[in-house]
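Structure, as structure tokens:
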Amino acid sequence: NLEEDEDSQDRTQFRIQMMNATILVGDIKGFTSLMESHAAQPQLVMQAAQKVFEIFNEEINKNYGQLEKIAGDAIMAYWQGNDAKTGGSLSACQACYTALKLRSLTQRLAADKSVWPFNHHPLMLDVALATGPVASGSLGASNSILGDTANLVFRLEKLIGDDRPGDIVVEGATHELAQNHFAFE
């Protein structure tokens, strides 16, 4: 059937949309060592992480964010803005607000043994935010956020040292857009 062939071909085409967005990356601190200490029961760790990320995703959605992906111990979400100062400010503020909500949610979940049963390994989430142009690409049902802003936010998250677990790092454009609504150090 000719229609099915065209439809099938359409689903496999790569589509790219340029947009301005604030990206949030959250990474569970010390996840690799937790997996190593539970090497005999990796499903226990993965189930706990899945519960945590499901709850985080609900919070992200509540605050108008879009989950981009969950990859092992990290979650990535974005808030689409536009190039206008007000549109960019709204998405940056929504992302900053969500980062603060995720921090308090992490503290609550860490105390809930039905979610995080690891007494020797407290649940902590390092978070980074960056705002700028990104390419949103889709291949079939799979979406990806690509570009310098996405690369930057992952690098920023890696800068959070062990001396400041659970910290939230914000790059300059996000700070500029949200500075009138949040206190920054």
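The values are calculated or read from the model by the stated rules, or taken from the named source; none is laboratory data. Predicted model only: the values in this text are computed from it and were never measured. Positions of Cβ are backbone-derived with ideal geometry, glycine not excepted, and every protein chain shown enters the neighbour counts. Heads up: the accessible areas ignore ligands, DNA and RNA and are worked out on the full protein's heavy atoms, side chains in. Shrake-Rupley method; radii C 1.70, N 1.55, O 1.52, S 1.80 Å.
Of note:
- Strands (runs of 3 or more DSSP E) (entirely within segment 36-143) containing at least 2 residues that are aromatic (Phe, Trp, Tyr): 74-81
- Cross-chain or 6+ apart pairs with Cβ under 9 Å, segment 145-158 first and in contact (Cβ under 8 Å) with a residue 24 or more places away in the chain, then in a helix (DSSP H, G or I): Thr149/Ala173
- Top-ranked residue of segment 135-159 - restricted to ones that are more than 15 Å from the chain's Cα centre (by Cα) and among the aliphatic types (A, V, I, L, M), ranked as surrounded by the most Cβ atoms within 10 Å (Cβ to Cβ): Ala135
- Some residue of segment 175-184 being in a helix (DSSP H, G or I), open to solvent by less than 40 Å² (accessible area, probe 1.4 Å) and of a type outside the set (S, T, N, Q): yes
- Within segment 108-120, the set of residues being open to solvent by 10 Å² or more (accessible area, probe 1.4 Å) and either closer than 30 Å to Arg15 by Cβ or touching a residue at least 40 places away in the same chain (Cβ under 8 Å) (or both) comprises Val115, Pro117, His120.
- Of the residues Leu123, Leu34, Leu102, the single one that is crowded, with 21+ Cβ neighbours inside 10 Å and either over 13 Å from the mean Cα position of the chain (by Cα) or more than 20 Å from Val169 (Cα to Cα) (or both) is Leu123.
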